[in-house]
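Note sheet for the following structure.
The values are calculated or read from the model by the stated rules, or taken from the named source; none is laboratory data. Because the structure is predicted, anything quoted here is derived from the model rather than measured. All Cβ positions, even for glycine, are placed from backbone atoms using ideal geometry, and neighbour counts span all protein chains on display.
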Amino acid sequence: MLKYLINRLFWMVPLLVGISLISFLIMHLAPGDITATEASFNPKTSEESRQKLRELYNLDKPVIVQYGLWLKRMSTLDFGHSFASHQSPVFWQETDKEGNVTKGMIQEALPITLLINVLSLILIIGLALPLGVISALTQNKLPDRSITIFVFIGFAIPSFWLALMLMYWTGVSHNWLPISGLHTLGAEKLSAFAQLLDTLKHLTLPILISGLTGLAGISLFVRNGMLDVLHQDYITTARAKGLPENTVVYKHALRNALLPLITIFGLSIPGLIGGSVIAESIFAIPGMGKLFYDAVLMRDFPVIMGILTIGSALTLIGNLLADLAYAWADPRVRKGVSQ
Amino acid sequence: MVNQPKSMMKKLNRLISISITILLISCGQQKKDPSANVNQPYPSQSGGALVDAMSGEPSGLIAMMAGESSASAIASNIFNSLLKYDKNLELTGELAQSWDVSSDQKTITFHLKPNLKWADGHALTSDDVLFTWKTVTDDKTRSPYGADYKLVKKAEAPNSSTFKVTYEAPYAPALDSWSGLHILPKHLLQDQDINNTSFSRNPVGSHYYQLDQWKKGESITLKRNPNGTQGQAKIDRLISRIIPDRAAQFLELMADNIDSMSLNSIQYARIFPARPDLTAKIAQYKELGNSYTYLGFNLKRKPFDDVRVRQAINYAIDKQEIIDGVLLGLGLPVASPYKPGTRWSNPKLQPYPYDPQKAIALLKEAGFEDHDHDGILDKDGKPLSFEILTNQNKEREMSAVLVQRRLKEIGIDVKIRVVEWATFISRFIKTGDFNVVLLGWGLGLEPDQFNIWHSSQQAPGQFNFIGYHNTHVDQLLEAGRLELNPDKRMKIYHEFAEVLLADSPVVYLFAGYGLPAINKRVNGIDDPAPPAGIGHNSYEWYIPAPLRRNEMSAE
């Protein structure tokens, strides 16, 4: 087991280098660089000063040389500084000689995105599990049909539209929830508990919206997993033994039906750090989605590469964790027993 | 993982605006009545906070280092320049009490006002001005704005209230350039690397306001600067909330969580008139914006090298139709690249009228007729057909469609291609690989447009990318740069605009209005707006105490 783990971790390194190389090349395939986006159409600027910027950022060198420079920096875990955002550190804070701390861009955007995604994942699981089980138990009957229709509506509804409607309803028509942002102006004067409540109120709509759109996938997975398991012989055996229906469903069937979910959760780890540009723009949340989107439009290469690198590392780790968890949960995988 | 293609965002934005429009027009007026009457007059008094919304967050507040408009919007409340534009867009002193131009027009001497102070109490002297000039011209400074200041041969500060610059040759745009350079404090920045100093996030300036609090990604709060060099503003605090989405901004405005935002034409001309509850508490303003939209020809390519073809296209486009259709009437046709109503704009010039017959006649003269009867004009067997290239900007895309339709009527086949900005610049503009572009330029406060129209400015990356070359215009532009007397300059630029209009290297489509909406609790705003816009006296705006927002019920 340990050998397997080390082996996997070892192979992650060349994989990461490969991913980063491809990302770097694709990023540079897009026409333009920071000098084409920043003040590029202001007649007060000049081509000489843009050329000077290009040299300062090494953008005049061949792409592969630029990649080499980037890789060299990355080998010391230095994510570099943003081109577009006044040389802010990309990843983590830095302290200058006077002791002024400049926070990293990802450092500031990540916690809020993580918080929203984790809370909405909890919401999704909390709702999807019972919905999926009910669906499976009442297959093709009214509850199943209504649940399926409900989750598909949630999946299909344009989330920006729903967000705006809910913002109007709960924020303008009724003064129930704040419309956008993370904190009320002047919230820092409140007590800690009131501040927490204030933030939660601001997060209610974003979490609700992202939870609703994510519900369909997981609940249908649970439903199908349950149905598969319920038709297996050992369930018939359990029923024949005269076990109570609840024990059959929740102890024998559900546990096995949840196995495929491990894979899904593993795959959703990188998704946790990625935000939705649309939701973040509408709700004015300074998260990862907006950060990445703006960086792409500005051709802010260090930021794009920083986010992609962290994202791909998390994807690989997520896959590994999923495999390990699967082996832990399912003896057939661990011991290689064939069916 | 999070990358949404921009075109999808655009479509979504369009859907958002449509759905919200329908919702907002149809929804009733169930809002509570404002408790205090906003329409009764109140005496001017200081205090209160004004909350506005901006769509982007500045990366830093040193304007010469940050490219975004949000940075200069905030920084211009914190920093002063030597000169400024007054409400009629004439140059006047800001930090400078007065300035003299030497008789050979090469030296400008600025005399600073007495007893200027930084917000931290340090004296603001000509040393700071000299330091700022050195910074912006330093090769290590990562600023794209150095060019104007590098023309200064010698800058000196003979005493603490005098700053003197000498140019190689008379350079008339110099005065404008000194209105655009925020003076930075030497005592705080001299040992710092301007490129990544924490000063940009914690600036100390000299204007009406100073930074109070910056919550990353959320809001920037400014408070009154007690040492302000221009006196004291009435409103205590300016809070700018960062709300990227226009629809969300509008909801916040309706819910009274923000006091001001800039509207789009649908919000201004469709939603507001249908909602008396909104017009009761929010005032709408209209001020001419600082840019115009144009159709520019690649003059190096056929058939656009023929002035008759350019004029024909100009006659064939109905500008008023574009203003009505795209801007819902909230724009003006322009006949020169200067803001109507300012001294540089030649009042005699009129835009080309909509006259398709004249267009057809001109094209016939140029040899274009429909010989093969396919509905498309042709010459030497080649149909008159081209592609209009524009970037992802709703107004421009819609304008392009209207142009396409009008040109089709006189037999010109037009296709439209919309590309993302960085691609647009690098792939098409820099390489000169385009036929016709639909873009915008600034309506300059400074009349010098040498960089845009002079024939020497055609290299890749320079701004005369349409390849305009007219010796007469070249001479006028050169003369205008050497003339510092405003009245003589005015004549030069009036003539320049006249030649340019006749030559028609671009078709001026429109100049749009900026449409600020401000809650009526804010008093003292000029309406109608002077040429400089309503913001020119924002330090005199005030919020009467009974109308102030209760701080913690701001929700």
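Remarks
- The single condition from (1) among the small types (Gly, Ala, Ser); (2) modelled with pLDDT of 90 or more; (3) surrounded by 20 or more Cβ atoms within 10 Å (Cβ to Cβ) that B:Ser179 fails is (3).
- Residue under evaluation B:Thr293, criteria (1) over 22 Å from B:Asp526 (Cβ atoms); (2) under 22 Å from the mean Cα position of the chain (by Cα); (3) within 11 Å of chain A (Cβ to nearest Cβ), criterion not met: (3)
- Residue that is more than 30 Å from B:Pro173 (Cα to Cα), among the basic types (Lys, Arg) and within 14 Å of another protein chain (Cβ to nearest Cβ), where the choices are B:Arg406, B:Arg427: B:Arg427
- Filtered by the rule that a residue be surrounded by fewer than 16 Cβ atoms within 10 Å (Cβ to Cβ) and within 14 Å of chain A (Cβ to nearest Cβ), the range B:98-150 gives B:Asp138, B:Asp139, B:Lys140, B:Lys150.
So that you can scan it fast, the table gives a plain yes or no per residue for (1) over 26 Å from the mean Cα position of the chain (by Cα); (2) away from chain A (no Cβ under 14 Å); (3) not small (Gly, Ala, Ser):
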{"position": "B:Ala155", "(1), (2), (3)": "yes, yes, no"}
{"position": "B:Glu168", "(1), (2), (3)": "yes, yes, yes"}
{"position": "B:Ala174", "(1), (2), (3)": "no, no, no"}
{"position": "B:Asp191", "(1), (2), (3)": "yes, no, yes"}
{"position": "B:Val204", "(1), (2), (3)": "no, no, yes"}
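- Inside the range A:24-49, residues that are crowded, with 19+ Cβ neighbours inside 10 Å and in contact (Cβ under 8 Å) with a residue 12 or more places away in the chain make up a count of 8.
- Condition met for B:Lys234 (touching a strand residue (DSSP E or B) at 6+ places or on another chain (Cβ under 6 Å) and assigned to a loop (DSSP other than H, G, I, E, B)): yes
- Verdict on A:Asn175 being of a type in the set (S, T, N, Q) and assigned to a helix (DSSP H, G or I): no
- Residue count for the range B:48-82 under the criterion of being of a type in the set (A, V, I, L, M, F, W, C), more than 10 Å from every other protein chain (Cβ to nearest Cβ) and surrounded by fewer than 21 Cβ atoms within 10 Å (Cβ to Cβ): the result is 1.
- Members of the range B:431-446 found to be more than 14 Å from B:Lys300 (Cβ to Cβ) and within 11 Å of chain A (Cβ to nearest Cβ), listed by number: B:Leu439, B:Gly440, B:Trp441, B:Gly442, B:Gly444, B:Glu446
- Members of the range B:320-374 found to be basic (Lys, Arg), part of a loop (DSSP other than H, G, I, E, B) and surrounded by 15 or more Cβ atoms within 10 Å (Cβ to Cβ), listed by number: B:Lys339, B:Arg343
- Of all residues in the range A:277-300, those satisfying the criterion of being within 18 Å of A:Thr204 (Cα to Cα), within 7 Å of chain B (Cβ to nearest Cβ) and of a type outside the set (A, V, I, L, M, F, W, C) are A:Ser281, A:Pro286.
- Of the helices (runs of 4 or more DSSP H) lying entirely inside the range A:1-103, those containing at least 3 residues that are within 12 Å of chain B (Cβ to nearest Cβ) span A:2-29, A:34-37, A:47-56.
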